[in-house]
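Chemist: Quick one: structure below, then a few questions.
The values are calculated or read from the model by the stated rules, or taken from the named source; none is laboratory data. These numbers were taken from a predicted model, which means no experiment stands behind them. Here the Cβ positions follow ideal geometry from the backbone for every residue, glycine too, while neighbour counts run over all protein chains shown. Please note that ligands, DNA and RNA were not included when accessible areas were found on the heavy atoms of the full protein model with its side chains. Shrake-Rupley method; radii C 1.70, N 1.55, O 1.52, S 1.80 Å.
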Amino acid sequence: MITLHGFAASNYYNLVKHVLLYKELPFEENLIYGGSDELLTISPAGKVPVITTAEGLNISESSVICDFIEETYPATPLYPENAGERAVVRQIMKIAELYFELPSRRLIPYAFSGTTVPESVAAEVRQVLNRGITALSRLCQFSPWVAGEQFTMADIYVYYVNTIVSSFASSQLDWDVLAEVPGMKEWNNSMSQSAISQTVEADRLANMPEFIQKVKAQIQAANAG
Ligand SMILES: N[C@@H](CCC(=O)N[C@@H](CS)C(=O)NCC(=O)O)C(=O)O
């Protein structure tokens, strides 16, 4: 059986969990946070999520895990059969990660510490997000799914990327970024209503208090040191 390591407050963890639930694969969850020695033994960069496969192999990096799951368990496919169409799906996922997820993440420390985002950082983040908005507006179809008629890995991936965009870019920059991509908000709302999304969200909410405690302890330790 697959073991999914990480914590439910993590959107990267949740996207892999969504894939496992979507494919109806049996898995167990091992609660583990960043910064632990245990994590470093299974994740070279000390990041979650990690999966331990049925054969005992540890794999990190969410998009790599997604590909591994798809290749190993091809039933209920999440990529199109056609190589060109698969590339489009992966292109959307990559662009969402580079130009939506990563710039939004730069705002997380300011949100957690309650400090103002310096204008130089805000300007850089806005610029990268604008690139993402333009690219995703060109690529995403929302007809009804991100890449067209087939529900794909890009639907799951972008949905969890968007949780970070909504939580941090919108609040810290006072900017409804998702509303800038035509069709994105409506699609996002319909994604949030699926039974799997709601299960994942319930687990996220349950984990949040403990996660916030961990983050506060880390900030205190950093300030003390
Ligand atoms: N590129 C990685 C990013 C994963 C990531 O940033 N995970 C965060 C949690 S959302 C983490 O492990 N943070 C702990 C740390 O940085 O020490 C992936 O796609 O899996």
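Chemist: Which of the residues belonging to the stretch 122-153 are under 23 Å from Lys23 (Cβ atoms), small (Gly, Ala, Ser) and buried (at least 22 other Cβ atoms within 10 Å of the Cβ)?
Modeler: Residue satisfying the conditions is Ala147 alone.
Chemist: Right, something else. Only one of (1) crowded, with 16+ Cβ neighbours inside 10 Å; (2) touching a Pro at 6+ places or on another chain (Cβ under 8 Å); (3) of a type in the set (Asp, Glu) is not met by Glu97, so which one is it?
Modeler: (2)
Chemist: Also: Filtering the stretch 22-52 down to residues that are at pLDDT 95 or above and acidic (Asp, Glu), which residue is farthest from the ligand (Cβ to nearest atom)?
Modeler: Filtering the stretch 22-52 for residues that are at pLDDT 95 or above and acidic (Asp, Glu), the one farthest from the ligand (Cβ to nearest atom) comes out as Glu24.
Chemist: Mind listing whichever residues of the stretch 9-21 are open to solvent by 10 Å² or more (accessible area, probe 1.4 Å) and more than 9 Å from the ligand (Cβ to nearest atom)?
Modeler: Leu21
Chemist: Kindly indicate which of Glu210, Glu180, Glu201 is assigned by TED's automatic domain parsing to the domain that holds Leu98 and charged (D, E, K, R).
Modeler: None of the others qualify; the one that does is Glu180.
One line per residue, one yes/no per condition, for (1) among the acidic types (Asp, Glu); (2) open to solvent by 90 Å² or more (accessible area, probe 1.4 Å); (3) over 14 Å from Gly34 (Cβ atoms):
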site: Asn188; (1), (2), (3): no, no, yes
site: Ser194; (1), (2), (3): no, no, yes
site: Gln198; (1), (2), (3): no, yes, yes
site: Arg204; (1), (2), (3): no, no, yes
site: Glu210; (1), (2), (3): yes, no, no
site: Ala221; (1), (2), (3): no, no, no
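Chemist: Yes or no: Val117 out of contact with any Cys (no Cβ under 9 Å at 6 or more places or on another chain), more than 17 Å from Ala96 (Cβ to Cβ) and part of a helix (DSSP H, G or I)?
Modeler: No; evaluated as a whole, the condition is false for this residue.
Chemist: Same structure again: In the stretch 58-77, how many residues are more than 16 Å from the ligand (Cβ to nearest atom) and not in a helix (DSSP H, G or I)?
Modeler: Of the residues in that region, 5 qualify.
Chemist: Turning to a different aspect of this structure: What are the residues in the stretch 154-182 that are touching a residue at least 12 places away in the same chain (Cβ under 8 Å), surrounded by fewer than 16 Cβ atoms within 10 Å (Cβ to Cβ) and more than 19 Å from Ala9 (Cα to Cα), if any? I'd like the intermediate steps shown before the answer.
Modeler: Kept after step one, since they are touching a residue at least 12 places away in the same chain (Cβ under 8 Å), are these residues of the stretch 154-182: 154-169, 171-173, 175, 177-178, 180-182.
Next cut, surrounded by fewer than 16 Cβ atoms within 10 Å (Cβ to Cβ) only: 167, 171, 182.
Hit for the stretch 154-182 is Pro182, nothing else.
Chemist: So, one more: Residue by residue through the stretch 48-78, note down the ones that are free of Cβ contacts under 8 Å to residues at least 24 places away in the same chain and under 15 Å from the mean Cα position of the chain (by Cα).
Modeler: Ser60, Glu61, Val64, Asp67
Chemist: Which residues, taken from the stretch 79-89, are open to solvent by 70 Å² or more (accessible area, probe 1.4 Å) and free of Cβ contacts under 8 Å to residues at least 60 places away in the same chain? Spell out how you get there, then give the answer.
Modeler: Step one: filter the stretch 79-89 for residues open to solvent by 70 Å² or more (accessible area, probe 1.4 Å), giving 81-82, 85-86.
Matches in the stretch 79-89: Glu81, Asn82, Arg86.
Chemist: Another question, then. Between Glu124, Glu101, which is over 18 Å from the mean Cα position of the chain (by Cα) and either modelled with pLDDT of 95 or more or within 30 Å of Thr76 (Cβ to Cβ) (or both)?
Modeler: Values: Glu101 fails: over 18 Å from the mean Cα position of the chain (by Cα).
Exactly one residue qualifies, and that residue is Glu124.
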